[in-house]
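K.L.:
Got a structure for you, questions after.
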Amino acid sequence: MTKNNILRLAFLLALPVMLTACSDKDNGTEAESSIMEQQKLDSKPFSQDVMIKTSDELDLQELMHRQAQVERQADKYGFVWSTTDAIIDNGYAEAKKGNENGAKALFKEAILQFNLSMEQAKYANQNWKLLIPEND
Amino acid sequence: MKVKAKIENNKVEVKLLVKHPMDTGLQKDKNNGDIIPAKYIQEISCMHGDKLVFLANFGRAVSKDPYLAFSFSGGKAGDTLTLKWFDNLGEHEETEVVIK
Amino acid sequence: MIERRNLLKGILGMTAVFSAALIIPKLAFAQWSKAFDANTTEKAMTGMFNKTETTTSDKIYLKVPEIAENGAVVPVNITTDIENVKTISIVALKNPQPLACSFTIPEGTDRDVSIRIRLFETMDVQAIVETHDGTLYSVQKEVKVTIGGCGG
Amino acid sequence: MKGIIYLTLALASSFTVATSTFADPVSDNEAIRSYFADKFPDIALEDLVDGVYAIDKNSRDQWLQIEEFPPYEEAIDKGKKLFTTPFTNGKDYASCFDNGGIGVKQNYPYFDTEKNQVVTLELAVNNCRVQNGEQPLSYGKGPIAYITSYMASTSKGQPINVTIPNDAAKAAYEEGKQFFYSRRGQLNMACATCHMASAGQRLRADILSPALGQVSHFPAYRFKWEDVGTIQRRYEGCNVQIRAKPFKLQSEQYRNLEYFHTYMSNGLPINGPGSRK
């Protein structure tokens, strides 16, 4: 895609995202489903070292363990999202009900959100100065 | 009830605010979920001596801690105003204020 | 058995409240009336003025915000040049009880009143001026009410 | 979401704003003042302490009418009563503050060079309680907000005067600054995204207030809260709006952010407590 196609697409994508900032009803589910499709998009994260692998053959126990592990890491960076705790709670609820696939999907999603928050932290660390008003 | 009454270009300007929840009877109590019963001021009156200078009747659409502002002529600094209100559950208050 | 006892308690409770309201000295002018509890504009108007038609007048100056900063605290100011005014009232057309408030304007009191009312949603707010001969004049404006949001 | 982040980064990098040549607090403030002077040419910078009510006439009119009988008066009365009630050991808050705590709000937050940390007015209130054998108050709202509302009301008109005494203070300032300009949360927004880049514009039904002058009226009575709340309660709320997990009130992150955020408005008059949407 040429540069300005990316820009146009980015702007289109960013606009609704910005608008949801001010809606009081927290449409968690809508965000969750968009995340699930997101998983299929295989764009590479910035760096491999931090990314905790989530692949299908992992069983529920292993996913729960990895989720706890990546949460400890993400907490250190301080960019955790407010939506992730609820996803983890739902994961445990589904696991308790015996809905293993549902639980696995939720834990994978929680891991993804923790990883994304760490990528966000790394980006912010390098680029926060971009938003400073020009000192002309 | 907080009242400010002062002379302003030879009229008595009255502003008042009554501390009152003005519950409409449509809201639920946050912690136990029951409907909060309607409790709202129905009438506020202002007497200057024995003359009625203002009377307000309220429904449930008046804001919490109701505010009122009105003015009338024929009063001077030092006169007293008597303000009264009562609500649908019988709570009432009466207060006297000196015009500044 | 228990229902009956609650029922009895309910009735007793009601009479107590009602009698308490009676003891408080009633003032001669317009008093609080059931019109304020009416849930349609027609019932409210008939209850208050026993008529519903009003003539639109450009001599009533209704000051309301275009967009309410907060639906629970909407400042309203009404002034009018109409002569021999008896009462000024505010009707919020889409509120559960449309008749919001009504002011009796005795001789010598200015036809200029301010109050803060509650609007549940975007709606027209109507100011009604009643003269001593019973005619009703009115003007109305829309107030947009937004719920929620980040507050900016 | 990965796509969105990846592409929004492209968006952010393409709208780059050149970084300030040398970053020191004084030149930061100059850059911010000229930025807002260009953005709001017909508004005096001091007036930005009225926030959106200096920008939008419709909401300003309503605000002025409500300020006739401001809803935070009760909070000030309660705060004064709490402030003047002595502790069990007989001392009171006045003993912990310069000038008895009257007219000092404009000097907060300050940097405690012994403890090497930013001390906000709310933290100072709780430190005072603990020194006098009392339980600390919970942060954000309630008694602590009433007390600092009263203290703020005694500073009305005083120019904000936050100082950066040493390198440790400058480091805390820089951390607050980085927080302010870092995009976070699932919506990937920074404080600066709304309160600088889009200040004065509408986001749905709300107009975004400019960062300059934003701290002057805190603690603030917000209609949404139907009570007064501290600036850090507002930070918490804002973070949740962009779906970032908020930090604990009076955490180092929020204290440093308040330090930077208040330093930015040095010279502007305190007009707290104020009433806001």
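The values are calculated or read from the model by the stated rules, or taken from the named source; none is laboratory data. The structure displayed is predicted, hence computed values, not measured ones. Positions of Cβ are generated from backbone atoms using ideal geometry, with glycine treated the same way; all protein chains shown enter the neighbour counts. Note: accessible area is taken over every heavy atom of the protein model, side chains too, but ligands, DNA and RNA are not part of it. Shrake-Rupley method; radii C 1.70, N 1.55, O 1.52, S 1.80 Å.
K.L.:
Would you say C:Asn95 is part of a loop (DSSP other than H, G, I, E, B) and either within 8 Å of another protein chain (Cβ to nearest Cβ) or out of contact with any Asp or Glu (no Cβ under 9 Å at 6 or more places or on another chain) (or both)?
P.N.:
Values: part of a loop (DSSP other than H, G, I, E, B): yes; either within 8 Å of another protein chain (Cβ to nearest Cβ) or out of contact with any Asp or Glu (no Cβ under 9 Å at 6 or more places or on another chain) (or both): yes.
Yes, satisfied.
K.L.:
Does D:Arg184 count as farther than 23 Å from D:Asn29 by Cβ, out of contact with any helix residue (DSSP H, G or I) (no Cβ under 7 Å at 6 or more places or on another chain), open to solvent by 10 Å² or more (accessible area, probe 1.4 Å) and basic (Lys, Arg)? Write out each step before concluding.
P.N.:
Working: farther than 23 Å from D:Asn29 by Cβ: yes; out of contact with any helix residue (DSSP H, G or I) (no Cβ under 7 Å at 6 or more places or on another chain): no; open to solvent by 10 Å² or more (accessible area, probe 1.4 Å): yes; basic (Lys, Arg): yes.
Spelling it out, it is not the case that D:Arg184 is farther than 23 Å from D:Asn29 by Cβ, out of contact with any helix residue (DSSP H, G or I) (no Cβ under 7 Å at 6 or more places or on another chain), open to solvent by 10 Å² or more (accessible area, probe 1.4 Å) and basic (Lys, Arg).
K.L.:
Of the numbered conditions (1) within 18 Å of the chain's Cα centre (by Cα); (2) open to solvent by 20 Å² or more (accessible area, probe 1.4 Å), C:Asp110 fails exactly one; give the number of that condition.
P.N.:
Failed condition: (1).
K.L.:
Additional query: Does B:Ala69 satisfy the criteria of being open to solvent by 10 Å² or more (accessible area, probe 1.4 Å), within 7 Å of chain C (Cβ to nearest Cβ) and free of Cβ contacts under 8 Å to residues at least 60 places away in the same chain? Working first, answer last.
P.N.:
Details: open to solvent by 10 Å² or more (accessible area, probe 1.4 Å): yes; within 7 Å of chain C (Cβ to nearest Cβ): yes; free of Cβ contacts under 8 Å to residues at least 60 places away in the same chain: yes.
Judged against the criteria, B:Ala69 is a match.
K.L.:
Condition first: under 21 Å from the mean Cα position of the chain (by Cα) and more than 14 Å from chain C (Cβ to nearest Cβ). Now tell me which residues in the stretch D:59-89 satisfy that.
P.N.:
Those that are under 21 Å from the mean Cα position of the chain (by Cα) and more than 14 Å from chain C (Cβ to nearest Cβ): D:Glu73, D:Ala75, D:Ile76, D:Gly79.
K.L.:
Which one is nearest to the other protein chains (Cβ to nearest Cβ), of the residues in the stretch B:31-60 that are aliphatic (A, V, I, L, M) and touching a residue at least 24 places away in the same chain (Cβ under 8 Å)? Reasoning before the result, please.
P.N.:
Just the residues of the stretch B:31-60 that are aliphatic (A, V, I, L, M), to begin with: B:35-36, B:38, B:41, B:44, B:47, B:52-53, B:55-56.
Checking the rest, the ones that are also touching a residue at least 24 places away in the same chain (Cβ under 8 Å) come to B:38, B:41, B:44, B:47, B:53.
Working: B:Ala38: 9, B:Ile41: 10, B:Ile44: 10, B:Met47: 9, B:Val53: 5 Å.
The selected residue is B:Val53.
K.L.:
Now a separate question. For D:Lys141, only one of the following conditions fails: (1) open to solvent by less than 70 Å² (accessible area, probe 1.4 Å); (2) touching a helix residue (DSSP H, G or I) at 6+ places or on another chain (Cβ under 9 Å). What is its number?
P.N.:
Every listed condition holds for D:Lys141 apart from (1).
K.L.:
Please determine, by comparing only the residues of the stretch C:62-84 that are surrounded by fewer than 20 Cβ atoms within 10 Å (Cβ to Cβ), of a type in the set (Val, Ile, Thr) and part of a strand (DSSP E or B), which one is farthest from the other protein chains (Cβ to nearest Cβ).
P.N.:
Among residues in the stretch C:62-84 that are surrounded by fewer than 20 Cβ atoms within 10 Å (Cβ to Cβ), of a type in the set (Val, Ile, Thr) and part of a strand (DSSP E or B), the one farthest from the other protein chains (Cβ to nearest Cβ) is C:Thr79.
K.L.:
Here are the criteria: (1) over 28 Å from D:Glu67 (Cβ atoms); (2) without any contact (Cβ under 8 Å) to a residue 24 or more places away in the chain. Tell me which single one B:Phe86 does not satisfy.
P.N.:
Answer for B:Phe86: the failing condition is (2).
K.L.:
Here's a follow-up. Look through the stretch C:118-152, keep the residues that are within 23 Å of C:Glu42 (Cβ to Cβ) and either of a type in the set (Gly, Ala, Ser) or in contact with a Cys (Cβ under 7 Å, 6 or more places away or on another chain) (or both), and return whichever of them is surrounded by the most Cβ atoms within 10 Å (Cβ to Cβ).
P.N.:
C:Ala127
K.L.:
Would you be able to tell me the number of residues in the stretch D:74-93 that are of a type outside the set (Lys, Arg), assigned to a helix (DSSP H, G or I) and loosely packed, with under 15 Cβ neighbours inside 10 Å?
P.N.:
Pass one, the stretch D:74-93, residues of a type outside the set (Lys, Arg): D:74-77, D:79, D:82-90, D:92-93.
Restricting the remaining residues to those that are assigned to a helix (DSSP H, G or I) gives D:74-77, D:79, D:82-84, D:93.
Okay, now just the ones that are also loosely packed, with under 15 Cβ neighbours inside 10 Å, so D:77, D:84.
Residues meeting the conditions: 2.
K.L.:
Scan the stretch C:27-36 for residues that are touching a strand residue (DSSP E or B) at 6+ places or on another chain (Cβ under 9 Å) and either open to solvent by 40 Å² or more (accessible area, probe 1.4 Å) or modelled with pLDDT under 90 (or both) and jot them down.
P.N.:
C:Leu27, C:Ala28, C:Phe29, C:Ala30, C:Gln31, C:Trp32, C:Ser33
K.L.:
Which one is nearest to B:Val98 (Cα to Cα), of the residues in the stretch B:21-54 that are open to solvent by 80 Å² or more (accessible area, probe 1.4 Å) and not in a strand (DSSP E or B)?
P.N.:
Step one: filter the stretch B:21-54 for residues open to solvent by 80 Å² or more (accessible area, probe 1.4 Å), giving B:26-28, B:30-32, B:34-35, B:37, B:50-51.
Next cut, not in a strand (DSSP E or B) only: B:26-27, B:30-32, B:34, B:37, B:50.
Details: B:Leu26: 38, B:Gln27: 38, B:Lys30: 41, B:Asn31: 42, B:Asn32: 44, B:Asp34: 42, B:Pro37: 35, B:Asp50: 15 Å.
Ranking the qualifying residues of the stretch B:21-54, first place goes to B:Asp50.
K.L.:
Something else about it: Tell me whether the stretch D:212-224 contains one or more residues that are within 14 Å of chain C (Cβ to nearest Cβ), modelled with pLDDT under 95 and surrounded by fewer than 21 Cβ atoms within 10 Å (Cβ to Cβ).
P.N.:
Among the residues of the stretch D:212-224, at least one is within 14 Å of chain C (Cβ to nearest Cβ), modelled with pLDDT under 95 and surrounded by fewer than 21 Cβ atoms within 10 Å (Cβ to Cβ), which makes the answer yes.
K.L.:
For the stretch C:101-127, how many residues meet the condition of being among the β-branched types (Val, Ile, Thr), part of a strand (DSSP E or B) and out of contact with any Phe, Trp or Tyr (no Cβ under 7 Å at 6 or more places or on another chain)? Reasoning before the result, please.
P.N.:
Residues of the stretch C:101-127 that are among the β-branched types (Val, Ile, Thr), as a first pass: C:104-105, C:109, C:113, C:115, C:117, C:122, C:125.
Subsequent filtering for residues that are part of a strand (DSSP E or B) retains C:104, C:109, C:113, C:115, C:117, C:125.
Narrowing further to those that are out of contact with any Phe, Trp or Tyr (no Cβ under 7 Å at 6 or more places or on another chain): C:117, C:125.
The qualifying residues number 2.
K.L.:
For the stretch D:202-227, which positions are in a loop (DSSP other than H, G, I, E, B), out of contact with any strand residue (DSSP E or B) (no Cβ under 7 Å at 6 or more places or on another chain) and under 25 Å from D:Gln178 (Cα atoms)?
P.N.:
Within the stretch D:202-227, D:Leu208, D:Ser209, D:Pro210, D:Ala211, D:Leu212, D:Gly213, D:Gln214, D:Val215, D:Phe218 meet the criteria.
K.L.:
So which of D:Ala244, D:Ala171 ends up being within 22 Å of A:Lys76 (Cβ to Cβ) and surrounded by fewer than 19 Cβ atoms within 10 Å (Cβ to Cβ)? Full working, then the answer.
P.N.:
Details: D:Ala244 fails: surrounded by fewer than 19 Cβ atoms within 10 Å (Cβ to Cβ).
So the residue among D:Ala244, D:Ala171 that is within 22 Å of A:Lys76 (Cβ to Cβ) and surrounded by fewer than 19 Cβ atoms within 10 Å (Cβ to Cβ) is D:Ala171.
K.L.:
Quickly run through the stretch D:265-277 and pick out the residues that are open to solvent by less than 20 Å² (accessible area, probe 1.4 Å) and either modelled with pLDDT under 95 or over 10 Å from the mean Cα position of the chain (by Cα) (or both). Steps first, answer last, please.
P.N.:
The first filter runs over the stretch D:265-277 and keeps only residues open to solvent by less than 20 Å² (accessible area, probe 1.4 Å), leaving D:265, D:268, D:270, D:272-275.
Of everything in the stretch D:265-277, those that are open to solvent by less than 20 Å² (accessible area, probe 1.4 Å) and either modelled with pLDDT under 95 or over 10 Å from the mean Cα position of the chain (by Cα) (or both) turn out to be D:Leu268, D:Ile270, D:Gly272, D:Pro273, D:Gly274, D:Ser275.
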